[in-house]
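J.: Here it is, the structure, as structure tokens.
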Amino acid sequence: MDIKLQKVTKIFQAKDKSETVAVNALDVVIPSGKLIGLLGPSGCGKSTTLYMIAGLLEPNEGRIFFGDEDVTDLPPEERGIGLVFQNYALYPHMTVRQNIMFPLENIKVPKQEALSRAQEMADLVGIGELMDRKPKQLSGGQQQRVAIARALVKQPRVLLLDEPLSNLDARLRLQTREEIKRIQRETGITTVFVTHDQEEAMSISDQIVLMDFGVKQQVGEPQFVYDKPINLFVAKFLGTPPINLFAGEIVKNKLLLADGKKYRTETQAPEHQEDLTEDAIRAMTHEVKVPICNVEIMDKKAPDGDVVIGIRPEGFVVDEKGPLELEIFMVETIGRDTSLVVKDPFDDNKSYRIIIDSSYRVKAGDKVKFSFKPDKMFVFDKTSGDVL
Amino acid sequence: MLEKQSNVKAWLYLAPAMLLLSVFTFYPLFNAFFLAFLRDYEFLLGSARGFTFLGNFINVINKPDFGIAMKNTAVITFVSVPIAVIVALMISVALNSIKKFQGFLQTVFFLPYVTNAIAIGMAFAFIFHSDYGLLNTMLGWVGIDPINWINLRQAGNADTSWIRAMFALLVYTIWGGLAFKIMVFLSGLQSIDKQYYDAARIDATPKRRVFSKITVPLLSPMIAYITITSFIGAFKAYRTIIGMFGESLRPPGALSKDSLITIVGLVYDSLAHADATGAISEAAAASIILFLIILAFTLIQMQVSKRRVHF
Ligand SMILES: Nc1ncnc2c1ncn2[C@@H]1O[C@H](COP(=O)(O)OP(=O)(O)OP(=O)(O)O)[C@@H](O)[C@H]1O
Ligand SMILES: [Mg+2]
């Protein structure tokens with residue numbers, strides 16, 4: 001059963017009448033049986049969206065459908081959902097068994113059946129041995145699995161997870177996210193997984209929904225969204241190390257790496273320039289405009305104007321005839337790849353990350369020329385941030 | 001070195017309190033034990049004729065009022081405390097669930113706490129007054145004849161005077177103790193994570209089960225605390241009776257068998273005749289009897305709560 005959100009909006013009103021638009025006209029279809037990662041920075045409305053799907057919050061506008069059924073006005077208990085809270089919300093006074101059985105007792109499942117279903121579910125998530133413990137006597141990862149078992153035991157139509165891994169340490173996090181993926185596959189239940197960790201979302205989701213300030217940014221398979229970001233926010237949010245951004249300019253269908261003066265205007269308030277002597281400005285200004293590639297190559301035409309160029313760390317190629325020369329500041333060899341840190345030639349406070357094949361011998365202090373892989377390079381409109 | 005220093009500081013901070021406690025609590029406590037075992041102690045002369053092991057206790061038990069006091073204390077304790085705890089719990093849960101006027105209503109329910117018990121007792125005496133009382137007036141609206149609650153002068157059936165007076169006293173006791181209980185329960189309820197209730201909603205938990213399976217267990221430390229302190233308070237009931245019935249401890253005109261005297265009442269009764277031989281020792285003995293009852297009872301409750309309370 002798929003989930004459809006149609007123009008769903010949630011506005012919170014504070015005591016002083018000030019309003020927060022937590023979710024803004026969200027339009028998403030969550031396909032049946034898939035695991036969807038709801039991704040975005042803190043405060044972008046992920047939990048709010050999840051709680052609206054759960055029915056714990058009521059949207060101000062828009063409709064929510066489970067399959068063909070409009071559930072917008074249905075209370076949470078009638079929606080048939082399982083929800084795993086950010087801090088699990090396990091009942092502290094009940095044992096693991098009692099916690100898992102609780103939803104079944106509510107709907108008056110006979111005791112014997114409830115017991116065996118609870119055990120079955122506990123075995124599925126791998127905590128079958130811990131049934132008589134209290135939540136306090138479990139590790140974070142074990143608690144999380146109890147929470148999943150409790151959410152799944154009543155065989156909900158939808159499983160909702162609110163940052164379930166945020167309380168775990170790095171290793172346990174890796175382990176449990178594989179676990180979640182496995183449980184989701186085995187049960188085939190439509191699942192929404194909220195996280196602000198892009199790596200987490202990319203690694204387990206069939207699709208990701210990327211949000212910012214309550215507005216949907218992009219939806220798609222993780223790799224697709226990574227390869228074809230539709231705007232600057234998406235490109236910046238996905239990927240570790242993050243994408244490198246340069247100021248650029250388009251002149252007659254040629255993409256130029258912008259000159260130093262433009263860097264200056266970016267990092268320094270323009271009015272300060274008036275206080276400087278002409279010599280000082282000249283000293284800070286690099287008049288060279290380096291053509292790096294033709295917009296035609298990227299199969300896009302764009303009007304002349306200022307742009308932002310984004311290049312993924314793996315989009316750099318060591319190339320003696322490359323257009324951009326950079327001085328290497330630091331080298332980290334990480335097995336297969338070499339990670340380079342370079343200083344912005346025009347701004348000491350900015351640095352970039354470049355990942356190249358480790359067969360290249362590079363050391364700190366070297367000046368290396370680079371060219372770029374066109375499919376790892378994106379050009380964004382400077383004002384709207386949309387990809388060109 | 002550091003630890004030692006902070007230890008000295010801690011003791012210094014505690015010193016004033018310890019001094020006051022020694023003078024006004026520990027000394028009287030030990031003195032009471034001492035007095036309870038003196039034979040024919042004369043308070044005015046400060047003299048005694050040696051020690052007696054059980055003499056004073058036997059004197060207390062043989063007092064005509066002792067049985068009545070035990071019965072009254074037991075009734076007040078075992079009727080008022082459970083009802084008060086349950087009523088306070090209900091009111092707190094209701095208060096906690098409403099959004100509007102919550103602050104205002106909290107204040108209303110808290111008012112009795114900052115009001116003098118004697119003043120409230122007098123107010124209740126008036127509420128239960130048979131001619132002018134609010135209660136009888138309201139009963140009159142629904143066609144029930146006035147009942148002689150606590151003032152017997154206007155005849156009425158003297159045989160049931162104890163029941164009526166006790167009823168009025170219990171209502172007053174329960175009401176007077178509600179404020180503090182509600183305050184404790186409310187703060188407890190507000191500290192329960194709202195997510196438990198969200199989780200319960202998601203799992204389609206019926207309201208009564210939410211109350212019995214989530215609210216009560218999560219509130220159980222508060223419930224245990226309130227129950228134990230309420231029992232102790234109820235065993236020591238005295239002020240309420242003075243407030244409602246005055247120093248006679250019974251409705252005007254009631255027979256002495258219908259008195260509402262309690263064990264603490266017995267203590268004060270003996271103290272009132274301090275000039276009589278052995279009276280002070282009897283008062284001490286009575287208070288030790290009460291102490292032992294409370295001690296035994298509290299130990300039992302602690303034992304029970306160990307199994308029932310989820311910390
Ligand atoms: N009950 C509320 N009252 C008022 N504002 C709220 C309320 N709940 C959330 N908000 C606001 O709505 C916005 C979205 O909140 P939400 O909890 O959905 O963010 P989130 O994406 O889950 O963030 P995080 O990753 O930090 O959990 C935030 O700006 C938040 O301040
Ligand atoms: Mg959140």
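J.: Given the structure, is A:L50 within 22 Å of B:K194 (Cα to Cα), within 12 Å of ligand 1 (Cβ to nearest atom) and assigned by TED's automatic domain parsing to the domain that holds A:Q217?
T.: So A:L50 fits the description; yes.
J.: So which residues in the stretch A:94-111 are outside any loop (DSSP other than H, G, I, E, B) and of a type outside the set (D, E, K, R)?
T.: A:V96, A:Q98, A:N99, A:I100, A:M101, A:F102, A:P103, A:L104, A:N106
J.: What number goes with the only condition from (1) within 14 Å of chain A (Cβ to nearest Cβ); (2) outside any helix (DSSP H, G or I); (3) modelled with pLDDT under 85 that B:R307 does not pass?
T.: (2) is the only condition that B:R307 fails.
J.: Report, by residue number, each residue of the stretch A:104-137 that is away from chain B (no Cβ under 14 Å) and free of Cβ contacts under 8 Å to residues at least 24 places away in the same chain.
T.: A:P110, A:K111, A:Q112, A:E113, A:L115, A:S116, A:Q119, A:E120, A:D123, A:G128, A:E129 - these are the residues of the stretch A:104-137 that are away from chain B (no Cβ under 14 Å) and free of Cβ contacts under 8 Å to residues at least 24 places away in the same chain.
J.: Sticking with this one: Could you tell me how many of the residues in the stretch A:161-213 are at pLDDT 90 or above, of a type in the set (A, V, I, L, M, F, W, C) and more than 17 Å from the chain's Cα centre (by Cα)?
T.: 1
J.: Restricting to the stretch A:58-93, give me the number of residues that are more than 8 Å from chain B (Cβ to nearest Cβ), farther than 14 Å from A:L160 by Cα and part of a loop (DSSP other than H, G, I, E, B).
T.: The number of residues fulfilling the criteria is 10.
J.: A further question on this structure: Can you tell me which residues in the stretch A:32-43 are in contact with a Leu (Cβ under 9 Å, 6 or more places away or on another chain) and either assigned to a loop (DSSP other than H, G, I, E, B) or not assigned by TED's automatic domain parsing to the domain that holds A:I208 (or both)?
T.: A:G40
J.: While we're looking at this one, here's another question. In this structure, does A:G43 turn out to be among the small types (G, A, S) and within 13 Å of chain B (Cβ to nearest Cβ)?
T.: no
J.: Those residues that are within 26 Å of the chain's Cα centre (by Cα) and farther than 13 Å from A:P242 by Cα, I need them from the stretch A:312-334; list them, please.
T.: Going residue by residue through the stretch A:312-334, those that are within 26 Å of the chain's Cα centre (by Cα) are A:312-316, A:332, A:334.
Answer for the stretch A:312-334, where residues must be within 26 Å of the chain's Cα centre (by Cα) and farther than 13 Å from A:P242 by Cα: A:F316, A:E332, A:I334.
J.: Which ones in the stretch A:320-344 are part of a loop (DSSP other than H, G, I, E, B) and under 12 Å from A:S371 (Cβ atoms)?
T.: The answer is A:E320, A:K321, A:G322, A:P323.
J.: When you check A:D27 against the structure, is it away from chain B (no Cβ under 14 Å), modelled with pLDDT under 95 and closer than 25 Å to B:A204 by Cα, yes or no?
T.: No: the conditions fail for A:D27.
J.: Quick one: which strands (runs of 3 or more DSSP E) sit completely within the stretch A:145-240 and have at least 3 residues that are away from chain B (no Cβ under 14 Å) and within 21 Å of B:D198 (Cβ to Cβ)?
T.: Here the list reads A:190-195.
J.: Residues in the stretch A:1-40 that are surrounded by 15 or more Cβ atoms within 10 Å (Cβ to Cβ), of a type outside the set (V, I, T) and within 16 Å of ligand 2 (Cβ to nearest atom): how many?
T.: Within the stretch A:1-40, residues that are surrounded by 15 or more Cβ atoms within 10 Å (Cβ to Cβ), of a type outside the set (V, I, T) and within 16 Å of ligand 2 (Cβ to nearest atom) number 7.
J.: Something else: Report yes if some residue within the stretch A:65-87 is within 16 Å of ligand 1 (Cβ to nearest atom), within 20 Å of the chain's Cα centre (by Cα) and over 17 Å from A:F193 (Cα atoms); otherwise report no.
T.: There is no residue in the stretch A:65-87 that is within 16 Å of ligand 1 (Cβ to nearest atom), within 20 Å of the chain's Cα centre (by Cα) and over 17 Å from A:F193 (Cα atoms).
J.: Could you grab the pairs with beta carbons closer than 6 Å, sequence gap of 6+ or different chains, first residue in the stretch A:307-321 and over 20 Å from A:D381 (Cα atoms), second one surrounded by 22 or more Cβ atoms within 10 Å (Cβ to Cβ) and of a type in the set (A, V, I, L, M)?
T.: Here the result reads A:P313/A:I354; A:F316/A:I354, each pair linking the stretch A:307-321 to a residue that is surrounded by 22 or more Cβ atoms within 10 Å (Cβ to Cβ) and of a type in the set (A, V, I, L, M).
J.: Additional query: Considering only residues that are among the acidic types (D, E) and within 16 Å of ligand 1 (Cβ to nearest atom), look in the stretch A:136-195 and name the one that is surrounded by the most Cβ atoms within 10 Å (Cβ to Cβ).
T.: Within the stretch A:136-195, the subset among the acidic types (D, E) is A:162-163, A:169, A:178-179, A:186.
Right, trim to within 16 Å of ligand 1 (Cβ to nearest atom) and you get A:162-163.
On the way: A:D162: 23, A:E163: 21.
Filtering the stretch A:136-195 for residues that are among the acidic types (D, E) and within 16 Å of ligand 1 (Cβ to nearest atom), the one surrounded by the most Cβ atoms within 10 Å (Cβ to Cβ) comes out as A:D162.
J.: Right, next: For residues that are in contact (Cβ under 8 Å) with a residue 60 or more places away in the chain and more than 12 Å from every other protein chain (Cβ to nearest Cβ), scanning just the stretch B:200-227, find the one that is surrounded by the fewest Cβ atoms within 10 Å (Cβ to Cβ).
T.: This residue is B:F211.
J.: While we're here: If a residue has to be away from ligand 2 (no atom under 16 Å from the Cβ) and buried (at least 19 other Cβ atoms within 10 Å of the Cβ) to count, how many in the stretch A:46-74 make the cut? Full working, then the answer.
T.: Filtering the stretch A:46-74 down to residues away from ligand 2 (no atom under 16 Å from the Cβ) leaves A:55, A:58-74.
When the remaining residues are screened for being buried (at least 19 other Cβ atoms within 10 Å of the Cβ), the result is A:55, A:59, A:64, A:66, A:71.
Qualifying residue count for the region: 5.
J.: Looking only at residues in the stretch A:15-31 that are in a strand (DSSP E or B) and more than 11 Å from ligand 1 (Cβ to nearest atom), which one is farthest from A:K4 (Cα to Cα)?
T.: Here the answer is A:A25.
The values are calculated or read from the model by the stated rules, or taken from the named source; none is laboratory data. As the structure is a prediction and not an experimental result, all values here were calculated from the model. Using ideal geometry, Cβ is built from the backbone for each residue, glycine included, and neighbour counts are taken over all protein chains shown.
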